[in-house]
Amino acid sequence: MDRKDAPHVATYDVAVIGGGPAGSTVATLLARQGRQVVMLEKARHPRFHIGESLLPMNLPVFERLGVLDKVRALGVYKAGADFEADNPQGYHTYAFSEVVGHSPPHAFQVPRQDFDQILFEHARENGVDAYEGHEVRAVEQVGVRESWLDIRDEQGDGYRVRARYVVDASGRDTFLAGRRRLKRRNAHHQSAAIFGHFRGAVRREGVDAGNISIYSFAHGWMWMIPLPGDVMSVGAVCAPDHLRQRSGNIKDFLLATLRTSPALWQRLEQAELIDDRVHATGNYAYDAACMGGPGWVLVGDAFAFLDPVFSSGVYLAMSGAERAAAMIDASLRAPRREKRLLRALERKQRRGMRRFAFFIYRFNGPAMQWLFRHPSRRFRLEQGVTSMLAGDVFDSFAVWWRIQLFRLIYLVCVLHDRQGWRADRRRRLAQAGERFDDDPDDA
């Protein structure tokens, strides 16, 4: 359904910039409300993207969208997440079947390029005018309910559309936040990543074969994510200064970094890097000063992104997009409610992000590492942490009070090792001030 003969002017209720999970979610739900929606994706699906590990709390969103069966057919069953631990097997599994909240007992690992394509095509099936290879070049807002988008297609032809509401779902391009000078680097945390796909890596046994595995190393943490077809996504998220130490090619640097974790390398040493392709990316952590204004809103990574250690990105993007769709529909029906609804949406989104961020910012510190290596089942504390890992960070009181208790125990651990805490905090804040751009040798 490509628009090769796009009209010079077309009018929509809502224009969505970007065709990733957030954009497809908000577009689909608004189209179901009877809104005329256009979604404009500058690339073509399938396109490579990081973020292959989903959370259990994604599943109810998939069900409401009507894509759960498609995702199930695509993905690898994910029963939990495992972290290194001081026990005989060397790791501890946080099983999603043991949560204290109401999240589903499992999730999926997915090839992101295929996952994103499924959601994009599903939006089309639900009545969205969804176009690939159509890049939004500028947005001019001439009134609260009138914005003009300048668009260029793959042939270089330009055209314009008019929309009553604009949704920026452009991901890390941060289209509107960048142009409105709203984007802020995270002052507390910053990271970069190198990663690739391997074939032949060792998986966990039995029901845990599809689990994500997290490993710590001196400069950050590493992941192993099982994907279909005996493929394993493996990478390292690290302080930007670690990537600047690279002196040779990026493949050798990735392998040298992964070798610093003996437990991970034992599972990877017989594996083969597929197509010798390695990716590098940086400047992970940022947000926008505000989530929106009259006639426009930011969703997903266009609004904010956290370090991916707990795989929160897709869930925060899609759940936020779902709430944004309800806000937009209500605002178009009753414009006087828009300011209050947008304020409530932003508060809720930031609250969920903060609950993830507490763990993310401190994950590499000695106190947090000790707690993850020695999980406690008293007061069902471990199950509360598992619920957080499942994405249950918004509404469950049973999860909330256990996370508060975990934070109190964390504080006690910090008081026992103030020197280690101070050293980690100094290092983290120093790295937050560093810059690292996407690697030009990404190949």
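The values are calculated or read from the model by the stated rules, or taken from the named source; none is laboratory data. Predicted, not measured: the structure shown is a model, and the values here were computed from it. Note that each Cβ is placed from the backbone with ideal geometry, even for glycine, and that neighbours are counted across all protein chains shown.
Quick notes
Rundown of residues vs (1) more than 30 Å from residue 351 (Cβ to Cβ); (2) modelled with pLDDT under 95; (3) buried (at least 21 other Cβ atoms within 10 Å of the Cβ); (4) among the acidic types (Asp, Glu), yes/no style:
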{"position": "228", "(1), (2), (3), (4)": "yes, no, no, no"}
{"position": "246", "(1), (2), (3), (4)": "yes, yes, no, no"}
{"position": "264", "(1), (2), (3), (4)": "yes, no, yes, no"}
{"position": "293", "(1), (2), (3), (4)": "no, no, no, no"}
{"position": "316", "(1), (2), (3), (4)": "no, no, yes, no"}
{"position": "320", "(1), (2), (3), (4)": "no, no, yes, no"}
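Rundown of residues vs (1) of a type in the set (Lys, Arg); (2) over 24 Å from residue 292 (Cβ atoms); (3) not assigned by TED's automatic domain parsing to the domain that holds residue 37, yes/no style:
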residue: 337; (1), (2), (3): yes, no, no
residue: 344; (1), (2), (3): no, no, no
residue: 347; (1), (2), (3): yes, no, no
residue: 373; (1), (2), (3): yes, yes, yes
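- Set side by side, the residues 331, 311 differ, and just one is hydroxyl-bearing (Ser, Thr, Tyr) and farther than 30 Å from residue 216 by Cα, which is 331.
- Being small (Gly, Ala, Ser), within 23 Å of the chain's Cα centre (by Cα) and closer than 20 Å to residue 287 by Cα holds for only one residue in 357, 390, and it is 357.
- Test result for residue 401, modelled with pLDDT of 95 or more, in a helix (DSSP H, G or I) and assigned by TED's automatic domain parsing to the domain that holds residue 89: yes
- Against the test of being within 21 Å of the chain's Cα centre (by Cα), buried (at least 20 other Cβ atoms within 10 Å of the Cβ), at pLDDT below 90 and among the hydrophobic types (A, V, I, L, M, F, W, C), the options 305, 310 yield a single qualifying residue, 310.
- Elements of type strands (runs of 3 or more DSSP E) contained in the stretch 1-110, each with 2 or more residues being in contact with a His (Cβ under 8 Å, 6 or more places away or on another chain): 37-41, 76-78, 80-84
- Of all the residues in the stretch 313-335, those that are part of a helix (DSSP H, G or I), among the small types (Gly, Ala, Ser) and closer than 14 Å to residue 294 by Cα number 3.
- The one condition in (1) in the same structural domain as residue 166 (by TED's automatic domain parsing); (2) surrounded by 22 or more Cβ atoms within 10 Å (Cβ to Cβ) that residue 238 fails to fulfil: (1)
- Residue check: residue 264 meets all listed conditions (1) in the same structural domain as residue 140 (by TED's automatic domain parsing); (2) in contact with a Leu (Cβ under 9 Å, 6 or more places away or on another chain); (3) in contact (Cβ under 8 Å) with a residue 40 or more places away in the chain but one, namely (1).
- Screening residue 47 against (1) within 19 Å of residue 207 (Cα to Cα); (2) at pLDDT below 95 leaves a single unmet condition, (1).
- Apart from one condition, residue 34 fits all of (1) touching a residue at least 24 places away in the same chain (Cβ under 8 Å); (2) surrounded by fewer than 24 Cβ atoms within 10 Å (Cβ to Cβ); (3) assigned by TED's automatic domain parsing to the domain that holds residue 157; the exception is (1).
- Qualifying residue in the stretch 234-255 (condition: part of a helix (DSSP H, G or I) and among the polar types (S, T, N, Q)): no
- Scanning the stretch 142-153 for residues that are among the charged types (D, E, K, R) and loosely packed, with under 15 Cβ neighbours inside 10 Å yields a total of 2.
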